[in-house]
Every structure is written in structure tokens, then in C-alpha cells.
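To start, the structure itself, in C-alpha cells.
The values are calculated or read from the model by the stated rules, or taken from the named source; none is laboratory data. In this text, all values refer to a predicted model and were calculated from it rather than measured experimentally. No Cβ is skipped: glycine too gets one built from the backbone with ideal geometry, and neighbour counts run over all protein chains shown.
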Amino acid sequence: MAEEIKALKVRPQPKSVVRKHTIVVRVQHNFGVLARITGLFAGRGYNIESLTVGRTQEPDVARITIVVEGDERVIEQIIKQLRRLIETLRVRDITDTPHIERELALIKVYTGDEKARDEIMRLVQIFRAKVVDVSMDSYTIEVTGDTEKIEALIDLLRPFGLKDIARTGTLALIRESAKQKLSKHQQE
Amino acid sequence: MAEKKRGADIVIDCLLAEGVDTVFGLPGGAIMEVYDALFNAPLKNILTRQEIAASHMADGYARATGKVGVVMATSGPGATNLVTGLATAYMDSIPMVAITGQVPTHYIGSDAFQEADVTGITRPVTKHNFLVTDIKDLALIMRQAFYIARTGRPGPVLVDIPKDITQQYTECIIPTDEEVKESLPGYNPHYEGNIVQIKKAAELIRKAKRPVLYVGGGAVLGDAAEEVLELAELARIPVTTTNMGKGAFPETHPLSLQMLGMHGTYYANMAVYNTDLLIAVGSRFDDRVTGKIDEFAPEAKIIHIDIDPASISKNITVDVPIVGDVKKVLQKLIKELKKKPMEWVEARESWIKQIEKWKEQHPLTYDKSSDIIKPQYVIEEIYNITKGEAIITAGVGQHQMWAAMFYKYKFPRQFLNSGGLGTMGFGFPAAIGAKVGNPDKEVIAIEGDGSFIMNIQDIATAVQYRIPVKIALINNQFLGMVRQWQQFFYDSRYSSVCLSVQPDFVKLAEAFGAVGLRATKPSEVKEVLQKAMSINDRPVIMDFVVDREENVLPMVPSGKSYREMILTPKQKGEAETMYLVG
């Protein structure tokens, strides 16, 4: 009964580019809202690179900055799923909008001999970081900047021996100039 | 100044304010105060024997009536027993409110007796949930719960109320609709549909040569059956529905293709495989529908109308997405089509003729027998005796698919089953809920023996409240669908699917105070059905002992293309693949 297949027809699939996205979410600052967001990511299999949360100028609104990697389709789904949450006020993918990104890291590094200490201090100066704690065999360095800068410093410190690292994850705000351009564009 | 009220009474007042007349549930320590308030309230509680059955009853009630179903349970195990019911309702977007008791606020987190983190457990299986931490929020939360459950894309909402809050007193004014809306600034379902997109859709419909309407559960939930019919007839578009969309378009209509997908008809799947314009209405491109995604409707442009933006381009990229209420969008689309001359409709006839040909080539059928009861025959006879007017519920498995294929559904909310989650044991309790909501309609649960026994305890509930549902048990002494897959894909190694040891269902029915009937030969089927239909004061269980190894066909194996549809098994243990012509 098997008939011949005349032609195999296939639906064209969209191309996909995987990259990091910075997504900013404003939520009602309710009990359990963070669990809802992290639960959504875990339950649907999305990997969070970093997530920060904090209060805003409005007392009952919190701002969450999420850095996540995925292709357009995954990112679109993430945004839609975040919007579906009842307590979500606003979701924006600001990756392609001019914005300021900052992260703070505390890095505890072994200091070893005097030569190493000098070299570390030079790096601290170049990166406009600060030594905030000193022990017999280590410095604790505080550094802020975008993720690339922090990763670069960590890489340079690695040969001295890293004792511990604490990072806040990325915070982001849209540049006011970009915002004005955007709203102008929207008006038009 | 308002009068001070007990928390438990506020809960009841809020239920009454929402127009609730029946709740389904089972009390326990943490929710006793609410049951105490219910004692003298003009509100009926159907006491079930297991909380999961209560959740399916509330669900069945909601599916059959369109109203919000309400289920109540106590803390800990009571609430955890609701989880499957909530997930079932969530997957099929059923409006439901679950009220659960919780240990008193000062015990929360202490691993108290019957404590469980219920909002934590149910977060991924509810549209939203609440833990009430202050009695002042109680009335607002109750109203928010109902509002969220029934608006937008509907879904279950759970309200977890600690016992001390149900016992406290406060001044209570029930918030108005406006106040409820204002309290949810992040929740703004979009109903209207973008008119530019609707115009684009109309233009695609005018140009299409081989269009198909692919209608899902959203058309039932969105009350859009009338509009689907009007659009189909106006623009001469054949209609296939999903399992959840059944009844949104009458299957007796010449333009009906019946169901598509894994167990879809040959002609529905052929039409979708060859269509040049697929119009998805409240359907979500589930894997049981699409099979292999890149060969699904390979040549089609796709219009997708859905209330939930997250459903659009989730599984498949679409050309014209329209976010909005399906009823409103279809009304606008119809209006748009009527604006210009409609001579293009003529061009549809060759497509419709082609579909007629497919219908003749491979109609839905099975090998009839006079010695052994074929399950499909039972469904056909149920259809005949009820004149196609009954509400049918189903469990999950082979019987569910036969119920979907061999009963022709005419109106929305007529076929109730767990399409998304696939919850065995759903059919019978859902039938109780449907019957409570529609006392004047015949309600028949088509159940499998594996599925039915999962909630068999609640025959007692149907007997206690004299709810005369009929249970048509398609008894093949197997977990039939798993057995079928084992036959097709695991070389007939029947691993853990044999249910040869089972109760005598007739005696069991009698033990519960219900009526039990049995048919073992095809000649007995009608008689059993006739007898069952004459009983209207208690549940009836009809044990149809059927062909043990009958298969559900046609079948597109999981993850395969429509091209690889199995139409007939060559012989036992050997499936033949029917390659569809591209």
C-alpha cells in the first residue's frame, strides 16, 4: 500500500544567532516574585548568566536585570513568558539599545612575593580598581565595570592564584540620550 | 464603618459575589473554619473522596459551563493532591480557583503538621497563586483570583489561606471590579486584535487556493464557534479541529475534516500537509498536532490568532500573528472579507473536491466484528443512542482517542478531556462536574479500565449526591495506548501493561450503590446502553469487554512527519506505513 514519495517538502526554518542578551524587568515588589522568575527560567530550561534584583525609586516596584544567552526565538519566548507573569510591569531587551552596564566584583588574590604585589598593584591602578583589604598573603580587590572589564582583570590576576571571587551580576540602565531618541521615534 | 467579619466568612462572601453555587472539595484541619462558614451558606459543597477527583470535577464543571470551577482542600496532603488537577487545568487553560488551607502564619516554615509550601509547589502549574499573609488582603486576593482565572487566557489560580487568617475578624468591603483591575497593573490582556494584521490576514485568505482552518481549544474557551462557522462558510474553508477544539465546528458539517495530528483523520492531515494557508484559531501547534515541525504544513503561510502572545511563534514561526480575543478578531476578519467582492470563493471548489476524494479514499474506519466488541463500535452506538447530543468526557489513552474519532461533536463544550497534560483518571470526575453544571444534559464518561480505576473511589460521591453520570468502560485489560506503542515501536514486548487482574466492575458498581451492567458480545451493546439511559437516579457503569489488542489508527508516530502516517496494521505486530503523496 506504500505509495512513492514524490517530493519531500520542508518548512524553511529561520536562521538563529546565539548571543548574550540583557533583559530588564520591572515587577511589583511582592512576596515570592523572584521565585516566580527564577522558577520560570529553570522550568523552561533557560540558563541565567546573571540576575540582579533591587528596589527602585518607587517603593513597591523592583527592578531585575537578567543576562541570558540564546537565539532570537528563545529570547523572544523568554520575554513573552516574563510578560505573562501577573506581577510583571514591564520587560525590555536592552541589548541593542545604548545602555550603561556595570558589575561589581570582589576578588581575593594571593600576593606571594614583593614582585607579585607590585605587579598586582599596577593592574589595580590600570583597572581603576581598589585594594579594600590586605592580609599577609592576599589582597582583596574591588572593581566595577562592564562584564568584559571584570573578566579581563580576573584573567590577569589568575596567574597569581585566585583565592575567592564574589560578583554582583550585571546592572543596566538605558542611556538617557537613547531614551529621548526612542520616544521621539515613537511619536513620529 | 463596615461590620467586622470572620476571614472564613469573607471567603464565602467572595465566592457568592462571584456567583459560585457549587464547590468541590474535602475538608481537613487547616480549612475547617471555611467549611464551618460554608455550613449555613447558600452554597453547595460536593464532598469528594479524594482531592484530585475534586479538582477534576471543578475542572469538568468549568469546561462544561464556561464558569470558574472552584475546588477546596486542606493544607499539606490535601493541597498536594490538587497538583495534578491544577496542572491538567493549566495545560488546557481552564478557569479554576483552588482554595487551600495552610497552617497558621506563625507556624509557616516550621515543618508543622500537614504543612507544605503549596504556593511553591503549584507555581509552575497555575496561572497565578497567592499566599494570604494579612486578613486585610483576603477579599481583594479572592476577587483577583477569579478575575485572573477567567480573563485573558484562562487558567487555574490558587489561594492559600493560613488557618489563623480564616479565624480572624476584620472590617470587610468587597472590592469593586475597578479596584480589582487597578490592583493588577501588570495584567492587561489584549482583546482587540491589530486591524492592520487583520487586513493582512484577509488579503491572504483572498489569495489562498488551498486554505485550512486549524481550530483549537481557544475557540471553545473564547466562545467563537459561531464565528468559526461563519468564516468557514463565507470563505469556503475546510476546518480541522484539535482534540481541544472539538465542538468549535460541527463535525457533521461537509467542510469538517475532523481532528488533525497524531490520531487525526487521513483527510485532515492530507489537507494540512498540502495547504497553502493555515489559519490557526486558538490553537498552539502542540507536538501531538504538528509531528515533525519542519514538515508541518510545509508550503503554507500561517495566520495565528491567539489571546496569548507567548503561544505565537513558540513552536513554529508564523507569517501573520494576531493577538486578541478569537471571537472579536474573527468578527473583524469576517467584516473585512465582506468589504470587497468575493468572487475568489469560486476558486475553492477544486480544493474542496480534492478533500472529498481523500475522504472517500480513507474514511475513519475499523474492522467490524460480530463475535467480539470493537471499542469503536461502542462509541458509534453511544453516538447513535444519544443522537450526538450528549456531553462526553474521556480519560486518557486509546479510549480517549476513539471517543474523539468516532463520536461526532456538534457544539462547543461537548467533549471534555485532558488534551494537554494527558491525565489518566480525568474522565469520570470531570463527568460529575459537567453533570452538576448541566443537570439537564446526558453526560457520559468514556473511560478506559486503566484510567477509570485511578479515580474509582469517587463513585461514592456520585452515589451520595445522586449524580446520574454514565460510565462507558472500554475494558481491554491493558494500558492500551502504551501496549499499542509497544506493539508498534518495541517489537510487541508488553512491559507492565497487562491489567488482567481487575475488579468485577459490575459487582464493584453494586458495592458502591451504583448500577453495573456488562456487555461481552456486540449484540449486547445496544441493550446495555438502552438500559443505562433509562436510569436517572444514580451512576451507571457499563463494562464493555472489548477486543484487547485493537489499535488507534490512523497514527503519525511521535516526532514523525505526516508523510509517515500509519493507516492499517498489516497484521499483528507489524505496522505498515502509508506514505502520503507530496
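Here are the numbers:
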item: Positions within the range B:519-564 being polar (S, T, N, Q) and surrounded by fewer than 18 Cβ atoms within 10 Å (Cβ to Cβ), in sequence order; result: B:THR520, B:SER523, B:GLN530, B:SER534, B:ASN536, B:SER558
item: Those strands (runs of 3 or more DSSP E) lying entirely in the range A:102-188 with at least 1 residues surrounded by 14 or more Cβ atoms within 10 Å (Cβ to Cβ) and in contact (Cβ under 8 Å) with a residue 40 or more places away in the chain; result: A:138-145, A:162-167, A:171-174
item: Test: residue in the range B:318-331 that is within 14 Å of chain A (Cβ to nearest Cβ) and free of Cβ contacts under 8 Å to residues at least 60 places away in the same chain; result: yes
item: Residue within the range A:21-28 that is more than 17 Å from the chain's Cα centre (by Cα), on the phi < 0 side of the Ramachandran plot and in a strand (DSSP E or B) present; result: yes
item: Counted residues, the range B:238-286 - those being in contact with a helix residue (DSSP H, G or I) (Cβ under 7 Å, 6 or more places away or on another chain) and farther than 29 Å from B:TYR90 by Cα; result: 7
item: Long-range neighbours under 8 Å by Cβ, at least six apart or interchain, first residue surrounded by 24 or more Cβ atoms within 10 Å (Cβ to Cβ) within the range B:397-413, second among the basic types (Lys, Arg); result: B:ALA404/B:LYS246; B:TYR409/B:LYS246
item: Selection count where residues are charged (D, E, K, R) and either surrounded by fewer than 24 Cβ atoms within 10 Å (Cβ to Cβ) or not assigned by TED's automatic domain parsing to the domain that holds B:LYS332 (or both), scope the range B:242-258; result: 1
item: Leading residue by the ranking (farthest from the other protein chains (Cβ to nearest Cβ)) among those in the range A:7-35 that are surrounded by fewer than 13 Cβ atoms within 10 Å (Cβ to Cβ) and of a type in the set (D, E, K, R); result: A:ARG19
item: Test result for B:ASP59, crowded, with 17+ Cβ neighbours inside 10 Å, at pLDDT 95 or above and either farther than 27 Å from B:ILE456 by Cβ or charged (D, E, K, R) (or both); result: yes
item: Test: residue in the range B:281-289 that is of a type outside the set (A, V, I, L, M, F, W, C), within 12 Å of chain A (Cβ to nearest Cβ) and closer than 20 Å to B:PRO211 by Cβ; result: no
item: From B:ILE46, B:ILE52, residue being touching a Gly at 6+ places or on another chain (Cβ under 7 Å) and buried (at least 16 other Cβ atoms within 10 Å of the Cβ); result: B:ILE52
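Rundown of residues vs (1) surrounded by fewer than 24 Cβ atoms within 10 Å (Cβ to Cβ); (2) hydrophobic (A, V, I, L, M, F, W, C), yes/no style:
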position: B:VAL215; (1), (2): no, yes
position: B:GLU226; (1), (2): yes, no
position: B:ALA235; (1), (2): yes, yes
position: B:THR240; (1), (2): no, no
position: B:LEU260; (1), (2): no, yes
position: B:GLY264; (1), (2): no, no
